[in-house]
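Read the structure below first, then the notes.
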Amino acid sequence: MLVIDDSALIHQMYRLVMSRYKCEIVDAMNGQEALDMLAVQDDIQLILLDINMPVMNGLQFLEKSAPLGIPKKIPIIIISTEGKEDDTIRGLRLGARGYLKKPFNPPDLHNMIEKIFAGIN
C-alpha cells in the first residue's frame, strides 16, 4: 500500500489503522515522490491519497497518473481535510474510487477498502 501524505504523523496513524491487513506500507510525502515510487515498484495494491501537499498535490497526482493507467490498475482512496465538493467530484472523475474526510473513523476506511476489493464499488 502507498500512503501519499505530507504529514509524518498521518503515516504513523495509517500504520496503526491498517495493521489488520498485514500489508507493507510505502510512504510518499507528495505526489511527485509517489509517481517516482510507482515507476519502480510494481507491487502496490492500494493508494491512500491526501489532496493538500507541497510540490504536487493529490489532484495533480491524479491528473498525472491517469494517462499512465495507474487509477485503473491500483485503487485510490482520497483521504483529506479538503472537503470541497468540487475537489471530491474532480478526484472521483480522475479515477479515485472513494473519498473520506479527515478525521475519519477507521471502520469507514476498512469498509471502503473491503468493498473496493470485493468489486462492489
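Tabulated data for the structure shown
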read-out: Residue count, the range 75-93 (criterion: at pLDDT 85 or above, farther than 17 Å from Met53 by Cα and surrounded by fewer than 18 Cβ atoms within 10 Å (Cβ to Cβ)); value: 3
read-out: From Ala96, Ala34, residue being part of a loop (DSSP other than H, G, I, E, B), under 19 Å from Met1 (Cα atoms) and either at pLDDT below 90 or touching a helix residue (DSSP H, G or I) at 6+ places or on another chain (Cβ under 9 Å) (or both); value: Ala96
read-out: Enumeration of residues in the range 56-74 that are surrounded by 13 or more Cβ atoms within 10 Å (Cβ to Cβ) and among the hydrophobic types (A, V, I, L, M, F, W, C); value: Met56, Leu59, Phe61, Leu62, Ala66, Ile70, Ile74
read-out: Selected residue [surrounded by 14 or more Cβ atoms within 10 Å (Cβ to Cβ), among the hydrophobic types (A, V, I, L, M, F, W, C) and free of Cβ contacts under 8 Å to residues at least 12 places away in the same chain] from Met53, Met13, Met18; value: Met13
read-out: Yes/no for Gly119 being surrounded by fewer than 20 Cβ atoms within 10 Å (Cβ to Cβ), at positive phi and under 12 Å from the mean Cα position of the chain (by Cα); value: no
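The values are calculated or read from the model by the stated rules, or taken from the named source; none is laboratory data. Predicted model, so just to flag it, every value in this text is computed and none were measured. Note that each Cβ is placed from the backbone with ideal geometry, even for glycine, and that neighbours are counted across all protein chains shown.
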